[in-house]
Amino acid sequence: MEEMLFYDRMQFAFTITFHYLFPQLTMGLSLIIVYFKWKYLKTNNEQYNHATHFWMKIFALNFAMGVVTGIPMEFQFGTNWAKFSELTGGIIGQTLAMEGMFSFFLESSFLGIFLFGEKLLGHKWHFVTGVLIMIGSWASGYLIIATHSWMQNPVGYEILENGKFVLTNFKALFLNPWLWPSYLHNQAASLVTSSFVVAGIGAFYILSQKNVSFGKLFLKTGVIFGLISSIIVAVPTGDLLAKNVVKYQPVTFAGMEGIFHTEKRGSEIVLIGQPDVKDKKLDNKIAVPNILSFLTYGNWDQEIKGLDQFEEDLHPTNISGLYYAYHIMVGLGTVFIGLMVISLFQLVRGKLFQTKWILWSLMFMMPFPYIANTTGWYTAELGRQPWLVYNLLRTSAGASPTVSSGNTLFTLLGFIGLYLLLGMLFLLLIGKIINKGPHHVELSTEKI
(Lines give C-alpha, C1' and ligand atoms only; values in the text may rest on other atoms or scores of the structure.)
Protein backbone atom coordinates (compact mmCIF):
# COMPACT_ATOMS: atom_id res chain seq x y z
CA MET A 1 0.00 0.00 0.00
CA GLU A 2 2.81 2.42 0.86
CA GLU A 3 4.57 1.75 -2.46
CA MET A 4 1.33 2.21 -4.41
CA LEU A 5 0.57 5.47 -2.59
CA PHE A 6 4.11 6.72 -3.21
CA TYR A 7 3.86 6.27 -6.98
CA ASP A 8 0.32 7.68 -7.08
CA ARG A 9 1.57 10.82 -5.38
CA MET A 10 4.74 10.99 -7.47
CA GLN A 11 2.78 10.77 -10.72
CA PHE A 12 0.37 13.53 -9.74
CA ALA A 13 3.20 15.67 -8.37
CA PHE A 14 5.18 15.35 -11.59
CA THR A 15 2.28 16.00 -13.96
CA ILE A 16 0.89 18.95 -12.03
CA THR A 17 4.34 20.51 -11.55
CA PHE A 18 4.98 20.37 -15.29
CA HIS A 19 1.46 21.57 -16.09
CA TYR A 20 1.62 24.59 -13.81
CA LEU A 21 4.68 25.94 -15.59
CA PHE A 22 2.27 27.23 -18.23
CA PRO A 23 -0.80 28.67 -16.42
CA GLN A 24 1.40 30.59 -14.01
CA LEU A 25 2.68 32.58 -16.99
CA THR A 26 -0.61 32.98 -18.87
CA MET A 27 -2.64 34.29 -15.90
CA GLY A 28 -0.24 37.16 -15.23
CA LEU A 29 0.64 37.70 -18.88
CA SER A 30 -3.03 38.21 -19.79
CA LEU A 31 -3.07 41.34 -17.62
CA ILE A 32 0.11 42.70 -19.21
CA ILE A 33 -1.30 42.06 -22.70
CA VAL A 34 -4.47 43.96 -21.79
CA TYR A 35 -2.25 46.79 -20.51
CA PHE A 36 -0.34 46.97 -23.82
CA LYS A 37 -3.57 47.04 -25.83
CA TRP A 38 -5.02 49.73 -23.54
CA LYS A 39 -1.87 51.82 -24.00
CA TYR A 40 -2.25 51.52 -27.76
CA LEU A 41 -5.84 52.76 -27.63
CA LYS A 42 -4.77 55.63 -25.40
CA THR A 43 -1.65 56.75 -27.32
CA ASN A 44 -2.16 55.36 -30.84
CA ASN A 45 1.49 54.28 -30.67
CA GLU A 46 1.82 51.23 -32.94
CA GLN A 47 4.62 49.85 -30.80
CA TYR A 48 2.15 48.94 -28.06
CA ASN A 49 -0.03 47.07 -30.54
CA HIS A 50 2.91 45.11 -31.89
CA ALA A 51 3.91 44.32 -28.30
CA THR A 52 0.37 43.01 -27.77
CA HIS A 53 0.65 40.66 -30.74
CA PHE A 54 4.13 39.48 -29.75
CA TRP A 55 3.12 38.52 -26.23
CA MET A 56 -0.16 36.99 -27.38
CA LYS A 57 1.83 34.51 -29.48
CA ILE A 58 3.74 33.47 -26.36
CA PHE A 59 0.47 33.38 -24.41
CA ALA A 60 -1.19 31.15 -27.02
CA LEU A 61 1.69 28.67 -27.04
CA ASN A 62 1.68 28.47 -23.25
CA PHE A 63 -2.10 28.09 -23.25
CA ALA A 64 -1.89 25.18 -25.70
CA MET A 65 0.75 23.46 -23.56
CA GLY A 66 -1.38 24.01 -20.48
CA VAL A 67 -4.36 22.32 -22.13
CA VAL A 68 -2.33 19.34 -23.32
CA THR A 69 -0.68 18.77 -19.92
CA GLY A 70 -3.84 19.49 -17.92
CA ILE A 71 -5.98 16.72 -19.43
CA PRO A 72 -4.00 13.78 -17.89
CA MET A 73 -4.56 15.17 -14.40
CA GLU A 74 -8.32 14.96 -14.87
CA PHE A 75 -7.99 11.28 -15.73
CA GLN A 76 -5.86 10.65 -12.64
CA PHE A 77 -8.82 11.55 -10.43
CA GLY A 78 -10.57 8.50 -11.89
CA THR A 79 -7.60 6.15 -12.13
CA ASN A 80 -5.19 6.75 -9.23
CA TRP A 81 -7.57 8.61 -6.89
CA ALA A 82 -10.92 6.96 -7.55
CA LYS A 83 -11.84 6.66 -3.88
CA PHE A 84 -11.14 10.35 -3.31
CA SER A 85 -13.29 11.23 -6.33
CA GLU A 86 -16.07 8.93 -5.15
CA LEU A 87 -16.17 10.41 -1.64
CA THR A 88 -15.66 14.11 -2.43
CA GLY A 89 -16.88 14.39 -6.02
CA GLY A 90 -20.16 15.93 -4.90
CA ILE A 91 -18.17 18.99 -3.81
CA ILE A 92 -14.94 19.30 -5.78
CA GLY A 93 -16.67 18.08 -8.94
CA GLN A 94 -18.80 21.22 -8.96
CA THR A 95 -15.92 23.71 -8.93
CA LEU A 96 -13.84 21.67 -11.37
CA ALA A 97 -16.79 21.38 -13.76
CA MET A 98 -17.43 25.12 -13.51
CA GLU A 99 -13.77 25.75 -14.34
CA GLY A 100 -14.04 23.66 -17.48
CA MET A 101 -17.48 24.81 -18.62
CA PHE A 102 -17.21 28.53 -17.91
CA SER A 103 -13.62 29.70 -17.50
CA PHE A 104 -11.83 27.44 -19.96
CA PHE A 105 -14.36 27.90 -22.75
CA LEU A 106 -14.48 31.67 -22.20
CA GLU A 107 -10.69 31.88 -22.42
CA SER A 108 -10.25 29.49 -25.35
CA SER A 109 -13.14 30.91 -27.42
CA PHE A 110 -11.97 34.50 -27.26
CA LEU A 111 -8.30 33.55 -27.67
CA GLY A 112 -8.96 32.59 -31.29
CA ILE A 113 -10.89 35.81 -31.88
CA PHE A 114 -8.10 37.87 -30.33
CA LEU A 115 -5.41 36.16 -32.41
CA PHE A 116 -7.14 36.41 -35.78
CA GLY A 117 -10.01 38.89 -35.51
CA GLU A 118 -8.40 42.29 -34.97
CA LYS A 119 -9.17 43.63 -38.48
CA LEU A 120 -12.73 42.36 -38.35
CA LEU A 121 -13.49 43.62 -34.83
CA GLY A 122 -11.56 46.89 -34.75
CA HIS A 123 -9.20 47.86 -31.97
CA LYS A 124 -11.77 48.66 -29.27
CA TRP A 125 -13.55 45.31 -29.54
CA HIS A 126 -10.17 43.62 -29.88
CA PHE A 127 -9.31 45.13 -26.49
CA VAL A 128 -12.61 43.81 -25.08
CA THR A 129 -11.78 40.27 -26.22
CA GLY A 130 -8.40 40.63 -24.47
CA VAL A 131 -10.19 41.58 -21.25
CA LEU A 132 -12.48 38.55 -21.60
CA ILE A 133 -9.46 36.28 -22.05
CA MET A 134 -7.98 37.71 -18.86
CA ILE A 135 -11.28 37.22 -16.99
CA GLY A 136 -11.46 33.61 -18.18
CA SER A 137 -7.86 32.98 -17.17
CA TRP A 138 -8.26 34.50 -13.72
CA ALA A 139 -11.67 32.85 -13.17
CA SER A 140 -10.07 29.51 -13.98
CA GLY A 141 -7.49 30.10 -11.27
CA TYR A 142 -10.21 31.14 -8.84
CA LEU A 143 -12.26 27.96 -9.30
CA ILE A 144 -9.22 25.69 -9.06
CA ILE A 145 -8.12 27.41 -5.86
CA ALA A 146 -11.68 27.22 -4.51
CA THR A 147 -11.30 23.44 -4.83
CA HIS A 148 -7.86 23.53 -3.23
CA SER A 149 -9.10 25.78 -0.41
CA TRP A 150 -11.92 23.38 0.44
CA MET A 151 -9.38 20.57 0.74
CA GLN A 152 -7.25 22.76 3.03
CA ASN A 153 -10.17 24.09 5.10
CA PRO A 154 -13.39 22.13 4.43
CA VAL A 155 -16.58 24.19 4.90
CA GLY A 156 -20.29 23.92 4.06
CA TYR A 157 -20.35 20.10 3.90
CA GLU A 158 -22.05 17.09 5.42
CA ILE A 159 -20.78 13.51 5.55
CA LEU A 160 -23.39 10.88 4.74
CA GLU A 161 -23.59 7.43 6.32
CA ASN A 162 -21.77 5.95 3.32
CA GLY A 163 -18.84 8.32 3.89
CA LYS A 164 -19.55 10.59 0.95
CA PHE A 165 -19.22 14.36 1.29
CA VAL A 166 -22.11 16.50 0.08
CA LEU A 167 -22.30 20.27 -0.18
CA THR A 168 -24.87 21.82 2.14
CA ASN A 169 -23.92 25.48 1.70
CA PHE A 170 -22.86 26.59 -1.78
CA LYS A 171 -22.19 30.11 -0.53
CA ALA A 172 -19.77 28.87 2.12
CA LEU A 173 -17.66 27.21 -0.57
CA PHE A 174 -16.90 30.60 -2.12
CA LEU A 175 -16.67 32.49 1.18
CA ASN A 176 -14.13 30.06 2.60
CA PRO A 177 -11.68 32.16 4.67
CA TRP A 178 -8.85 30.18 3.08
CA LEU A 179 -9.91 31.07 -0.47
CA TRP A 180 -9.31 34.78 -1.05
CA PRO A 181 -5.83 35.05 0.54
CA SER A 182 -4.76 31.95 -1.41
CA TYR A 183 -6.24 33.20 -4.66
CA LEU A 184 -4.79 36.70 -4.49
CA HIS A 185 -1.41 35.31 -3.39
CA ASN A 186 -1.41 32.89 -6.32
CA GLN A 187 -2.43 35.51 -8.89
CA ALA A 188 0.17 37.98 -7.66
CA ALA A 189 2.78 35.23 -7.85
CA SER A 190 1.68 34.50 -11.43
CA LEU A 191 2.14 38.18 -12.25
CA VAL A 192 5.65 38.02 -10.75
CA THR A 193 6.52 35.21 -13.16
CA SER A 194 5.10 37.10 -16.12
CA SER A 195 6.82 40.34 -15.12
CA PHE A 196 10.23 38.69 -14.84
CA VAL A 197 9.76 36.99 -18.22
CA VAL A 198 8.75 40.29 -19.84
CA ALA A 199 11.62 42.16 -18.16
CA GLY A 200 14.11 39.38 -18.88
CA ILE A 201 13.31 39.26 -22.59
CA GLY A 202 13.51 43.06 -22.65
CA ALA A 203 16.95 42.87 -21.05
CA PHE A 204 17.98 40.24 -23.61
CA TYR A 205 16.99 42.51 -26.50
CA ILE A 206 18.92 45.46 -25.05
CA LEU A 207 22.05 43.43 -24.33
CA SER A 208 22.00 41.82 -27.77
CA GLN A 209 21.30 45.17 -29.45
CA LYS A 210 18.30 43.60 -31.18
CA ASN A 211 14.80 45.11 -31.07
CA VAL A 212 16.18 47.65 -28.59
CA SER A 213 13.11 49.90 -28.60
CA PHE A 214 10.90 46.96 -27.70
CA GLY A 215 13.47 45.81 -25.18
CA LYS A 216 13.19 49.12 -23.36
CA LEU A 217 9.39 48.94 -23.38
CA PHE A 218 9.37 45.36 -22.08
CA LEU A 219 11.98 46.11 -19.45
CA LYS A 220 10.17 49.15 -18.09
CA THR A 221 6.82 47.34 -18.06
CA GLY A 222 8.25 44.22 -16.42
CA VAL A 223 10.02 46.16 -13.69
CA ILE A 224 6.95 48.20 -12.73
CA PHE A 225 4.58 45.22 -12.75
CA GLY A 226 7.23 43.06 -11.10
CA LEU A 227 7.82 45.34 -8.15
CA ILE A 228 4.12 45.83 -7.45
CA SER A 229 3.32 42.12 -7.69
CA SER A 230 6.38 41.04 -5.68
CA ILE A 231 5.32 43.28 -2.81
CA ILE A 232 1.70 42.06 -2.99
CA VAL A 233 2.89 38.45 -2.82
CA ALA A 234 4.59 39.24 0.49
CA VAL A 235 2.20 41.81 1.97
CA PRO A 236 -0.72 41.54 2.39
CA THR A 237 -1.47 38.22 0.65
CA GLY A 238 1.45 36.16 1.96
CA ASP A 239 0.98 37.53 5.46
CA LEU A 240 -2.76 36.73 5.45
CA LEU A 241 -2.16 33.25 4.11
CA ALA A 242 0.48 32.51 6.76
CA LYS A 243 -1.93 33.65 9.48
CA ASN A 244 -4.54 31.30 8.04
CA VAL A 245 -2.07 28.43 8.36
CA VAL A 246 -1.43 29.38 12.00
CA LYS A 247 -5.16 29.49 12.71
CA TYR A 248 -6.41 26.42 10.81
CA GLN A 249 -3.29 24.22 10.48
CA PRO A 250 -0.96 25.04 13.38
CA VAL A 251 0.97 21.78 13.04
CA THR A 252 1.72 22.70 9.41
CA PHE A 253 3.00 26.11 10.46
CA ALA A 254 5.32 24.49 12.99
CA GLY A 255 6.72 22.23 10.24
CA MET A 256 7.14 25.14 7.79
CA GLU A 257 9.12 27.15 10.30
CA GLY A 258 11.04 24.22 11.78
CA ILE A 259 9.60 24.71 15.27
CA PHE A 260 10.17 21.35 16.91
CA HIS A 261 9.70 22.58 20.47
CA THR A 262 7.32 25.23 21.76
CA GLU A 263 9.07 28.39 22.91
CA LYS A 264 7.20 30.01 25.79
CA ARG A 265 8.46 33.58 25.45
CA GLY A 266 8.18 34.20 21.76
CA SER A 267 9.41 32.31 18.70
CA GLU A 268 12.48 33.11 16.67
CA ILE A 269 12.47 33.34 12.90
CA VAL A 270 14.99 31.01 11.29
CA LEU A 271 16.96 32.45 8.38
CA ILE A 272 19.16 29.41 7.77
CA GLY A 273 19.06 25.93 9.26
CA GLN A 274 18.78 22.26 8.40
CA PRO A 275 15.99 20.22 9.99
CA ASP A 276 17.05 17.07 11.83
CA VAL A 277 13.69 15.31 12.10
CA LYS A 278 15.08 12.30 13.93
CA ASP A 279 16.55 14.36 16.79
CA LYS A 280 13.83 17.05 16.49
CA LYS A 281 16.11 20.06 16.06
CA LEU A 282 17.53 22.49 13.51
CA ASP A 283 21.23 22.18 12.79
CA ASN A 284 23.52 25.16 12.11
CA LYS A 285 20.68 27.61 12.43
CA ILE A 286 20.87 31.37 12.17
CA ALA A 287 17.80 32.92 13.79
CA VAL A 288 16.47 36.25 15.02
CA PRO A 289 14.71 36.00 18.42
CA ASN A 290 10.97 36.75 18.80
CA ILE A 291 10.50 38.05 15.24
CA LEU A 292 8.20 35.20 14.18
CA SER A 293 5.83 35.85 17.11
CA PHE A 294 5.65 39.54 16.20
CA LEU A 295 5.05 38.90 12.50
CA THR A 296 2.37 36.32 13.27
CA TYR A 297 0.53 37.86 16.21
CA GLY A 298 1.90 41.39 16.57
CA ASN A 299 3.19 40.36 20.00
CA TRP A 300 6.89 39.82 20.63
CA ASP A 301 6.27 37.28 23.42
CA GLN A 302 3.38 35.29 21.92
CA GLU A 303 3.80 31.54 22.15
CA ILE A 304 3.67 29.57 18.89
CA LYS A 305 3.00 25.85 19.20
CA GLY A 306 5.79 23.54 18.16
CA LEU A 307 5.54 20.05 16.72
CA ASP A 308 5.88 18.64 20.24
CA GLN A 309 2.33 19.85 20.97
CA PHE A 310 0.78 17.52 18.38
CA GLU A 311 0.50 13.76 18.00
CA GLU A 312 3.11 12.42 15.59
CA ASP A 313 0.52 10.86 13.29
CA LEU A 314 -0.77 14.41 12.67
CA HIS A 315 2.66 15.78 11.68
CA PRO A 316 3.32 16.56 8.01
CA THR A 317 4.75 13.41 6.45
CA ASN A 318 7.74 15.20 4.90
CA ILE A 319 8.84 17.88 7.36
CA SER A 320 12.21 18.46 5.69
CA GLY A 321 10.63 18.91 2.24
CA LEU A 322 8.00 21.24 3.68
CA TYR A 323 10.61 23.31 5.53
CA TYR A 324 12.89 23.71 2.51
CA ALA A 325 10.03 24.41 0.06
CA TYR A 326 8.73 27.19 2.29
CA HIS A 327 12.11 28.77 2.88
CA ILE A 328 13.09 28.63 -0.80
CA MET A 329 9.83 30.38 -1.69
CA VAL A 330 10.30 33.09 0.95
CA GLY A 331 13.98 33.56 0.16
CA LEU A 332 13.38 33.97 -3.56
CA GLY A 333 10.47 36.33 -2.91
CA THR A 334 12.79 38.54 -0.89
CA VAL A 335 15.36 38.53 -3.70
CA PHE A 336 12.67 39.47 -6.22
CA ILE A 337 11.63 42.52 -4.22
CA GLY A 338 15.24 43.63 -3.76
CA LEU A 339 16.12 43.28 -7.44
CA MET A 340 12.98 45.08 -8.59
CA VAL A 341 13.52 47.94 -6.12
CA ILE A 342 17.05 48.46 -7.46
CA SER A 343 15.81 48.20 -11.05
CA LEU A 344 13.05 50.76 -10.50
CA PHE A 345 15.50 53.10 -8.77
CA GLN A 346 17.78 52.96 -11.81
CA LEU A 347 14.79 53.37 -14.12
CA VAL A 348 13.73 56.55 -12.34
CA ARG A 349 17.31 57.82 -12.58
CA GLY A 350 17.29 57.09 -16.32
CA LYS A 351 20.20 54.65 -16.04
CA LEU A 352 18.53 51.23 -16.10
CA PHE A 353 19.05 50.61 -19.81
CA GLN A 354 22.79 51.21 -19.41
CA THR A 355 23.30 49.26 -16.15
CA LYS A 356 24.48 45.95 -17.56
CA TRP A 357 24.73 43.99 -14.31
CA ILE A 358 21.02 44.61 -13.65
CA LEU A 359 20.14 43.63 -17.22
CA TRP A 360 22.10 40.40 -16.89
CA SER A 361 20.52 39.74 -13.48
CA LEU A 362 16.99 40.22 -14.80
CA MET A 363 17.67 37.98 -17.77
CA PHE A 364 19.12 35.14 -15.69
CA MET A 365 16.42 35.48 -13.02
CA MET A 366 13.66 34.47 -15.46
CA PRO A 367 13.50 30.80 -14.29
CA PHE A 368 13.45 31.62 -10.59
CA PRO A 369 9.83 32.82 -10.26
CA TYR A 370 8.85 29.42 -11.69
CA ILE A 371 10.85 27.81 -8.89
CA ALA A 372 9.27 30.09 -6.29
CA ASN A 373 5.75 29.31 -7.54
CA THR A 374 6.45 25.58 -7.58
CA THR A 375 7.90 25.54 -4.06
CA GLY A 376 4.95 27.63 -2.91
CA TRP A 377 2.56 24.96 -4.12
CA TYR A 378 4.76 22.25 -2.61
CA THR A 379 4.49 24.10 0.70
CA ALA A 380 0.69 24.04 0.51
CA GLU A 381 0.47 20.40 -0.52
CA LEU A 382 3.19 18.96 1.72
CA GLY A 383 1.79 21.00 4.58
CA ARG A 384 -1.67 19.41 4.25
CA GLN A 385 -0.32 15.86 4.46
CA PRO A 386 -1.20 13.29 5.73
CA TRP A 387 -4.65 14.52 4.64
CA LEU A 388 -6.40 14.89 1.30
CA VAL A 389 -9.22 16.76 3.01
CA TYR A 390 -7.72 18.33 6.09
CA ASN A 391 -8.59 16.46 9.31
CA LEU A 392 -11.32 14.47 7.50
CA LEU A 393 -9.89 12.21 4.79
CA ARG A 394 -6.38 10.80 4.88
CA THR A 395 -4.35 10.53 1.68
CA SER A 396 -4.06 6.76 2.11
CA ALA A 397 -7.88 6.48 2.12
CA GLY A 398 -8.27 8.31 -1.21
CA ALA A 399 -6.09 6.16 -3.47
CA SER A 400 -7.51 3.61 -5.90
CA PRO A 401 -7.13 0.15 -4.37
CA THR A 402 -7.20 -1.66 -7.73
CA VAL A 403 -4.41 0.21 -9.54
CA SER A 404 -1.06 -1.44 -8.86
CA SER A 405 2.16 0.44 -8.19
CA GLY A 406 3.67 -1.18 -11.29
CA ASN A 407 0.96 0.25 -13.52
CA THR A 408 1.38 3.70 -12.01
CA LEU A 409 5.16 3.62 -12.33
CA PHE A 410 4.87 2.51 -15.97
CA THR A 411 2.63 5.46 -16.87
CA LEU A 412 4.80 7.83 -14.82
CA LEU A 413 7.83 6.86 -16.89
CA GLY A 414 5.76 7.38 -20.01
CA PHE A 415 4.73 10.87 -18.83
CA ILE A 416 8.35 11.75 -18.10
CA GLY A 417 9.46 10.78 -21.60
CA LEU A 418 6.52 12.46 -23.32
CA TYR A 419 6.80 15.67 -21.32
CA LEU A 420 10.52 15.81 -22.00
CA LEU A 421 9.77 15.84 -25.72
CA LEU A 422 6.97 18.39 -25.26
CA GLY A 423 9.25 20.59 -23.19
CA MET A 424 11.97 20.55 -25.85
CA LEU A 425 9.44 21.37 -28.57
CA PHE A 426 8.02 24.20 -26.46
CA LEU A 427 11.46 25.74 -25.85
CA LEU A 428 12.28 25.48 -29.55
CA LEU A 429 9.08 27.30 -30.56
CA ILE A 430 9.44 29.95 -27.85
CA GLY A 431 13.04 30.51 -28.91
CA LYS A 432 11.92 31.10 -32.50
CA ILE A 433 9.29 33.64 -31.41
CA ILE A 434 11.78 35.54 -29.26
CA ASN A 435 14.51 35.41 -31.90
CA LYS A 436 12.15 36.77 -34.54
CA GLY A 437 10.97 39.48 -32.13
CA PRO A 438 8.07 41.89 -32.47
CA HIS A 439 7.30 43.57 -35.77
CA HIS A 440 9.66 46.51 -36.14
CA VAL A 441 8.04 49.92 -35.84
CA GLU A 442 9.46 53.37 -35.33
CA LEU A 443 8.83 54.98 -31.98
CA SER A 444 6.37 57.80 -31.73
CA THR A 445 7.34 60.99 -29.96
CA GLU A 446 5.98 59.61 -26.70
CA LYS A 447 8.72 58.67 -24.26
CA ILE A 448 8.83 54.98 -23.36
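The values are calculated or read from the model by the stated rules, or taken from the named source; none is laboratory data. Computed from a predicted structure; not experimentally measured. Here the Cβ positions follow ideal geometry from the backbone for every residue, glycine too, while neighbour counts run over all protein chains shown. For the accessible areas, the whole protein counts, side chains as well, though only heavy atoms, and no ligand, DNA or RNA atoms are used. Shrake-Rupley method; radii C 1.70, N 1.55, O 1.52, S 1.80 Å.
Could you name the aspartates and glutamates whose alpha carbon sits less than 16 Å from that of LYS210, not counting residues in the same chain fewer than 8 places away?
In chain and number order, the partners are GLU442.
What residue among GLN76, PHE12, LEU29 has its Cα farthest toward the positive end of the dipole of the stretch 1-106, where the charges are +1 on Lys, Arg and -1 on Asp, Glu, each on the Cβ?
Farthest along the dipole direction, towards plus: LEU29.
Ordered by residue, what ³J(HN,Hα) values in Hz, to whole numbers, does the stretch 75-85 give under the Karplus form 6.51 cos²θ - 1.76 cosθ + 1.60, where θ = phi - 60° and Gly and Pro are x?
Working through the residues one at a time gives 5, 5, 4, x, 8, 7, 10, 5, 5, 4, 5 Hz.
Per-residue HN-Hα couplings for the stretch 193-206, Karplus 6.51 cos²θ - 1.76 cosθ + 1.60 at θ = phi - 60°, whole Hz, x for Gly and Pro?
With coefficients 6.51, -1.76 and 1.60, one gets 4, 4, 5, 5, 5, 4, 5, x, 5, x, 5, 4, 5, 5 Hz.
Could you give each residue of the stretch 117-128 its phi-based ³J(HN,Hα) in whole Hz, using Karplus coefficients 6.51, -1.76, 1.60 with θ = phi - 60°, and x for Gly or Pro?
Result, ordered by residue: x, 4, 5, 6, 7, x, 5, 5, 6, 4, 4, 4 Hz.
Place a +1 charge on the Cβ of each Lys and Arg in the chain and a -1 charge on the Cβ of each Asp and Glu, then give the dipole magnitude about the Cα centre in debye, rounded to the nearest 20.
1840
Please get the size of the charge dipole for the stretch 177-403, origin at its Cα centre, with Cβ charges of +1 on Lys and Arg and -1 on Asp and Glu, quoted in debye to the nearest 20.
My answer is approximately 1060 debye.
Would you work out which of SER267, PRO369, LEU339 lies farthest towards the positive end of the dipole of the stretch 252-394? Charges go on Cβ: Lys and Arg +1, Asp and Glu -1.
Farthest towards the positive end: LEU339.
Beta carbons within 10 angstrom, averaged per residue: use that to sort the peptides 9-19, 394-404, 54-64, highest first.
54-64, 9-19, 394-404
For the stretch 301-448, just run the numbers: alpha carbon Rg, then divide by 2.2 N^0.38 Å, N being how many residues it has.
Normalised by 2.2 N^0.38 Å, the Cα Rg of the stretch 301-448 equals 1.58.
Rg over Rh of the stretch 42-193, using C-alpha atoms and the Kirkwood radius, what does it come to?
Taking Rg over the Kirkwood Rh, I get 1.07.
Hey, what number do you get for the chain at 222 nm if only DSSP H runs of n ≥ 4 count, each worth -39500 (n - 2.57), divided across all residues, to the nearest 500?
-23000 deg cm²/dmol
With a bin width of 10 angstrom, please list the P(r) values of the stretch 177-403 as percents of all Cα-Cα pairs, from the 0 bin to the one holding the largest distance.
8, 29, 29, 20, 11, 3, 0
Quote the relative contact order of the stretch 177-403 in percent (integer), defining contacts as alpha-carbon pairs under 8 Å separated by 6+ residues.
Reported as a whole number, the value is 23 percent.
Which of LEU271, LEU227, LEU184 moves most in a GNM of the chain, Cα contacts under 10 Å?
Highest fluctuation among the options: LEU271.
Which far-off residues, 5 or more places away or on another chain, put their amide H under 5 Å from the one on GLU263, with H placed in the peptide plane?
Residues meeting the amide H criterion: ILE304, GLY306.
Using only the alpha carbons, work out the radius of gyration and Dmax of the chain in angstrom.
Calculated on Cα positions, Rg and Dmax stand at 23.1, 72 Å.
Mind listing the long-range amide H neighbours of TRP387? Cut-off is under 5 Å, sequence gap 5 or more, other chains count too, H placed in the peptide plane at 1.01 Å from N.
THR395
Using +1 at the Cβ of each Lys and Arg and -1 at the Cβ of each Asp and Glu in the stretch 177-403, identify which of ALA242, ASN186, VAL223 lies farthest towards the dipole's positive end.
VAL223
Between beta-carbons, use under 12 Å as the cut-off and find the net charge around ASN80, counting Lys and Arg +1, Asp and Glu -1.
Counting the neighbours of ASN80, the net charge comes to 0.
Can you give me the long-range amide H partners of ALA287? Hydrogens built in the peptide plane at 1.01 Å from N, cutoff under 5 Å, separation of 5 or more residues or another chain.
The answer is LEU271.
Relative contact order for the chain using alpha-carbon pairs under 8 Å, separation at least 6, rounded to a whole percent?
20
Tell me, what is the per residue accessible area of the chain in Å², probe radius 1.4 Å?
Heavy-atom SASA per residue in the chain reads 47 Å².
At 1.4 Å probe size, with the rest of the protein present, what percent of the exposed accessible area of the chain is carbon and sulfur atoms?
Ligands and nucleic acids excluded, carbon and sulfur give 68 percent.
Calculate the radius of gyration of the Cα atoms of the stretch 224-329 to one decimal place, then report Dmax, the largest Cα-Cα distance, as a whole number, both in Å.
Rg and Dmax of the stretch 224-329, Cα atoms, are 14.0, 47 Å.
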